[in-house]
Amino acid sequence: MPRGRPPRQEARPEPRVWRPTPRQARFLSCPADEACYGGAAAGGKSKALVICAAGNPEQNVFNNPNWKALILRRTFPDLERTLIQYSQELFQGKGKYDGQKYRWTFPGGGHIQFGHMQSEADKYNYKSAEYNRICFDEVTEFTETQYLYLFSRNRSSDPNLKPVMRCATNPGGIGHNWVKRRFIQRDDG
């Protein structure tokens, strides 16, 4: 047996644990059926949406076979550059990603689907679908009619899963005015 030092062990990186910022935590814990997280670029809004699609500790994609979430961007390349990459960082080893269907499936049976609506008519690609959680990233890039149509898909046959709509955005875009009207200039009454 040769003398000397034992072979050097490769240091295994610690798994990354995501911790929300105070604004992300407030958004994620919001009890409302509909909420929008707005702000400047690089504020962590997209990552918060990916976490939001997975649910909370009581009800989530990991332990409920009826969990169905949809994360939307206006174009598919935008999904690939941000949300799909974030999901791979956050869910690697926790579920299986199908790159053909753009969907995560988790051992408990829940799903997170990625989708897009580049044209106005693309909203009809979601006809007959049911999602208990729908998340729009950069919602000001969508038309108001696309956003409102998806409310008809935000439902659940599981009485334990409350339908929730969430969105995040920077100022500007084709939907800037309707988003401002809906979330900032609200008249609650």
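The values are calculated or read from the model by the stated rules, or taken from the named source; none is laboratory data. Treat the numbers as computed from the prediction; the structure is a model and nothing was measured. Cβ: placed from backbone, ideal geometry, glycine included. Neighbour counts: every protein chain shown. These area figures cover heavy atoms from the full protein model, side chains too; ligands, DNA and RNA do not enter into them. Shrake-Rupley method; radii C 1.70, N 1.55, O 1.52, S 1.80 Å.
Exposure here means at most 11 other Cβ atoms within 10 Å; with GluC sites (Glu not before Pro) in a DSSP loop as sites, the longest stretch of the chain lacking them is 59-189.
Within the accessible area of the chain, what % is carbon and sulfur when the probe is 1.4 Å and the other protein chains stay in place? Could the numbers behind the result be given before it?
Details: 5670 of 11330 Å².
So the carbon and sulfur contribution to the accessible surface is 50 percent.
When the C-alpha to C-alpha distance is required to be over 27 Å, the pairs from Lys94/Lys180; Lys96/Lys180; Lys68/Lys94; Lys94/Lys123 that qualify are Lys94/Lys180; Lys96/Lys180; Lys94/Lys123.
For the chain, a crude dipole built from +1 on the beta carbon of Lys and Arg and -1 on the beta carbon of Asp and Glu, taken about the Cα centre, is about 720 debye to the nearest 20.
Normalised by the number of residues in region 17-134, the average gap of Cα pairs under 8 Å and 6 or more apart makes the relative contact order 28 percent.
Dimensions of region 104-189 based on its C-alpha atoms, expressed as ranges along the principal axes with the largest first, amount to 40, 34, 21 Å.
If you take the Cα centroid of region 18-33 and the Cα centroid of region 68-99, the two points sit 19 Å apart. A P(r) calculated from all alpha carbon pairs of region 33-189, with 10 Å bins opening at zero, reads 11, 43, 36, 9, 1 percent.
Each residue, Tyr97 and Leu148, gets one label point 7 Å from its Cα in the Cβ direction; the gap between the two is 3.5 nm. For the chain, the longest principal axis of the Cα atoms and the long axis of helix 45-54 meet at an angle of about 80 degrees.
Taking every Cα-Cα distance in region 41-131 and sorting them into 5 Å bins starting at zero, the pair-distance distribution P(r) comes out as 3, 13, 25, 26, 19, 11, 3, 0 percent.
Calculate, for the chain, the solvent-accessible area per residue in square angstrom, rolling a 1.4 angstrom probe over the heavy atoms of the protein chains. If you can, show how the numbers build up before the last one.
Values: 11330 Å² over 189 residues.
Averaged over the residues of the chain, the accessible area is 60 Å².
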